[in-house]
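One structure is given below, encoded as structure tokens.
The values are calculated or read from the model by the stated rules, or taken from the named source; none is laboratory data. For clarity, every value in this text was computed on a predicted model and none was experimentally measured. As a convention, Cβ positions derive from the backbone with ideal geometry for all residues, glycine included, and neighbour counts pool all protein chains shown.
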Amino acid sequence: MISQVKICFKHQARIDGRKTIRFLKGINVIVGPNGSGKSSLLEAIYRCSDCKKDFDKNTKYHYFNSETMNPHRFPHRFKGLAGSVIRVRAMFSSHGETMRDVLRNFKFSPGDCFLLDEPEAGHDLEWIIKIYKGLKRINHLGCQIIIASHHSVFLSNVNIIELKRGYLKKIMNLERKYVNHDNKRIK
């Protein structure tokens, strides 16, 4: 598991000028407006050798975004029978359905760090909630989860990393103001 990352000079400009970001053992959710560096932070953790990471020596990182979830672009990730099933199903399924298959069939071990960029993409609310519950189960296996997300479903009982101060309060106020669940049904 990763406890913190000291951001290199190159990534500081992309991640709202931050120098150090700390993570907890459970589920960590990175929030901020588009362009604030959520995806850049996940990339820095996964790929940047100049960003200094404090982590357990046995930590394995698993990084998924909309590109790496595509079994046709990353066939090395989707080996064996489960990988073949995912690749075939992906030919006839939406991105959201493919992502569900990947999350259902991918194996995690205690101590792994799971980096996930916008898991809500391509899903309806019912499936977003199922993904959240699935991530909770993965976390209970002893895996650390770091998510970049815009969806409020992922903000319950997690460590929130706000890349733009005041952003969370702003979006919660906007949600209360603009989401009206008393709509009349149109006939």
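Within the range 23-44, the set of residues being under 17 Å from Glu118 (Cα atoms), touching a strand residue (DSSP E or B) at 6+ places or on another chain (Cβ under 7 Å) and of a type outside the set (Ser, Thr, Tyr) comprises Ile27, Asn28, Val29, Ile30, Val31, Gly32, Lys38, Leu41, Leu42, Ala44. Of the numbered criteria (1) touching a residue at least 40 places away in the same chain (Cβ under 8 Å); (2) in contact with a strand residue (DSSP E or B) (Cβ under 7 Å, 6 or more places away or on another chain), the one Thr20 fails is (1). Of all the residues in the range 127-168, those that are among the charged types (D, E, K, R), assigned to a helix (DSSP H, G or I) and at pLDDT 90 or above number 1. For the range 1-43, residues that are under 14 Å from the mean Cα position of the chain (by Cα) and among the hydrophobic types (A, V, I, L, M, F, W, C) total 7.
Filtered by the rule that a residue be without any contact (Cβ under 8 Å) to a residue 40 or more places away in the chain, surrounded by 15 or more Cβ atoms within 10 Å (Cβ to Cβ) and of a type in the set (Gly, Ala, Ser), the range 141-166 gives a lone residue, Ser152.
Listed conditions (1) modelled with pLDDT under 70; (2) in a helix (DSSP H, G or I); (3) exposed (fewer than 13 other Cβ atoms within 10 Å of the Cβ) are all met by Leu81, apart from (1).
What number goes with the only condition from (1) modelled with pLDDT of 85 or more; (2) outside any loop (DSSP other than H, G, I, E, B) that Lys25 does not pass? Of (1) modelled with pLDDT of 85 or more; (2) outside any loop (DSSP other than H, G, I, E, B), only one is false for Lys25: (2). Regarding Gly142, is this residue small (Gly, Ala, Ser) and within 18 Å of Lys38 (Cβ to Cβ)? No: the conditions fail for Gly142.
Checked against (1) surrounded by fewer than 16 Cβ atoms within 10 Å (Cβ to Cβ); (2) over 30 Å from Ile86 (Cβ atoms); (3) of a type outside the set (Gly, Ala, Ser); (4) touching a helix residue (DSSP H, G or I) at 6+ places or on another chain (Cβ under 9 Å), Lys169 passes all but condition (4). Taking each residue of the range 88-114 that is modelled with pLDDT under 75 and buried (at least 18 other Cβ atoms within 10 Å of the Cβ) and looking for partners that are outside any helix (DSSP H, G or I) and aliphatic (A, V, I, L, M) with beta-carbon atoms closer than 6 Å, six or more apart or interchain, yields Met99/Met69; Val102/Met69.
Entry remark, the range 38-75: residues being crowded, with 21+ Cβ neighbours inside 10 Å, part of a loop (DSSP other than H, G, I, E, B) and at pLDDT 90 or above number 1 in total.
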